[in-house]
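Undergrad: Would you mind keeping the following structure in view while I ask a few things?
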Amino acid sequence: MKILSLELPTNNLKQTERYYSDVLELKIHDLSSNSVSYSIGHSVLHFTEKEEAGAYHFAFTIPCNKINEALQWLSSKLDLMKNNAGEYITDFTNWNAESIYFFDNNNNILEFIARHDLQNSSDEPFSGNSILSVSEVGIVSEKPIVLAEQLINEHGLYYFVKGTKRDDFVVLGDDNGLVVISGTDRNWYPTNQLAKRQELKMKVQVNNTFREITVDG
C-alpha cells in the first residue's frame, strides 16, 4: 500500500511553510493564500489553514541505512524525543525497523522510520531529499478493530502481517504504507499526548486501485 496524499490542518500557515521548507527541507508542490503542499516521493503532504490544528501522528520513510545520519541531521535543527529507555532511536524488532520522533510546529508527532525490509539504502549524505514518502498515518477511533474491518471491506486494505491486532490498537497495510489505528485511551508513542479522534483525509493506492479515505472528527 502507498500513501499518495495526506491532508491536515495548520493554525499558522507561515510557520508551517517555514518548518517544512527550511527545517525538513521538503520541496513545495503547491502554495496558496491558505494552503501549502509538499512533494515527498510518491506522496503529497497538504496543509490547510484552520483555527484548530495539531496532535496528529504520521511518519516518513527514510533509507534503511540512514537512521544515525538522520539523528545527527535532525538534532542540529530541533529537539528530539527520547523513548522510555532514554534513547533517541527506537528499535522495533518485530517490524525490522528503527524510528526517531519529534514535533512539528503544529504539535503533530512526526517520525522518521528506517524499514530494513525495504532494502532502500542510499549512498547520498542525509538531507531533505532522503525523506522518501509519507509511510504511516495515525487514526483514532473508539473501536479500532471495527474501523479496521470497515476500511478493509470498503477500501481493500489489509492487516499488517508484522503488526499487532488488539482492541485498542491495530495496523493495516505493509512496509510501504501503514494506517495505524489507536483507541482513544492510549497515548501516541513515545509521548504523554493522548490520541484524539480528529478529521483526516488521505488517498492511498492498494495494489492497482486508488482510494480516498475520510475519517470524521
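Undergrad: Return the only residue of Leu110, Leu172, Leu147, Leu178 being assigned to a strand (DSSP E or B), touching a Ser or Thr at 6+ places or on another chain (Cβ under 8 Å) and under 20 Å from Leu6 (Cβ atoms). Reasoning before the result, please.
TA: Working: Leu110 fails: touching a Ser or Thr at 6+ places or on another chain (Cβ under 8 Å); Leu172 fails: touching a Ser or Thr at 6+ places or on another chain (Cβ under 8 Å); Leu147 fails: assigned to a strand (DSSP E or B).
The conditions single out Leu178.
Undergrad: Additional query: From the list Ser122, Ser43, pick out the single residue that is polar (S, T, N, Q) and touching a Pro at 6+ places or on another chain (Cβ under 9 Å). Write out each step before concluding.
TA: Details: Ser43 fails: touching a Pro at 6+ places or on another chain (Cβ under 9 Å).
The unique qualifying residue is Ser122.
Undergrad: Give Phe160, Phe103 a once-over and let me know the one that is touching an Asp or Glu at 6+ places or on another chain (Cβ under 9 Å) and farther than 30 Å from Glu51 by Cβ.
TA: Values: Phe103 fails: farther than 30 Å from Glu51 by Cβ.
That would be Phe160, the only listed residue that is touching an Asp or Glu at 6+ places or on another chain (Cβ under 9 Å) and farther than 30 Å from Glu51 by Cβ.
Undergrad: I need every pair where a residue in segment 89-110 that is at positive phi has its Cβ under 6 Å from the Cβ of a residue that is surrounded by fewer than 18 Cβ atoms within 10 Å (Cβ to Cβ), sequence separation at least 6 or different chains.
TA: Asn96/His116; Asn96/Asp117
Undergrad: Is it the case that some residue within segment 71-94 is touching a helix residue (DSSP H, G or I) at 6+ places or on another chain (Cβ under 8 Å), surrounded by 18 or more Cβ atoms within 10 Å (Cβ to Cβ) and of a type in the set (D, E, K, R)?
TA: No, every residue in segment 71-94 fails to be touching a helix residue (DSSP H, G or I) at 6+ places or on another chain (Cβ under 8 Å), surrounded by 18 or more Cβ atoms within 10 Å (Cβ to Cβ) and of a type in the set (D, E, K, R).
Undergrad: In the list Leu31, Leu45, which residue meets the criterion of being among the hydrophobic types (A, V, I, L, M, F, W, C) and surrounded by 17 or more Cβ atoms within 10 Å (Cβ to Cβ)?
TA: Matching residue, one of Leu31, Leu45: Leu45.
Undergrad: What are the residue pairs meeting all of these: first residue in segment 25-51, first residue on the phi > 0 side of the Ramachandran plot, second residue surrounded by 15 or more Cβ atoms within 10 Å (Cβ to Cβ), Cβ atoms under 6 Å, and 6 or more apart or on different chains?
TA: Listed by first residue and then by second, the contacts come to Glu25/Gly128; Gly41/Leu132; Gly41/Ser133.
Undergrad: Moving on. Only one of (1) of a type in the set (D, E, K, R); (2) modelled with pLDDT of 95 or more; (3) part of a loop (DSSP other than H, G, I, E, B) is not met by Glu136, so which one is it?
TA: (3)
Undergrad: Here is a follow-up. Restricting attention to segment 181-217, report how many residues are part of a strand (DSSP E or B), at pLDDT below 95 and either surrounded by 18 or more Cβ atoms within 10 Å (Cβ to Cβ) or basic (Lys, Arg) (or both).
TA: Final tally of qualifying residues: 2.
Undergrad: Being in contact (Cβ under 8 Å) with a residue 40 or more places away in the chain and in a loop (DSSP other than H, G, I, E, B): is that true of Ala55 here?
TA: Details: in contact (Cβ under 8 Å) with a residue 40 or more places away in the chain: yes; in a loop (DSSP other than H, G, I, E, B): yes.
Considered against the rule, which asks whether it is in contact (Cβ under 8 Å) with a residue 40 or more places away in the chain and in a loop (DSSP other than H, G, I, E, B), Ala55 comes out as yes.
Undergrad: For Leu157, which of the numbered conditions (1) in a loop (DSSP other than H, G, I, E, B); (2) within 16 Å of the chain's Cα centre (by Cα) fails to hold?
TA: (2)
The values are calculated or read from the model by the stated rules, or taken from the named source; none is laboratory data. Everything numeric here is computed off the predicted structure, so don't read it as measured data. Neighbour counts are summed over all protein chains in view; Cβ atoms, including those assigned to glycine, are modelled from backbone coordinates with ideal geometry.
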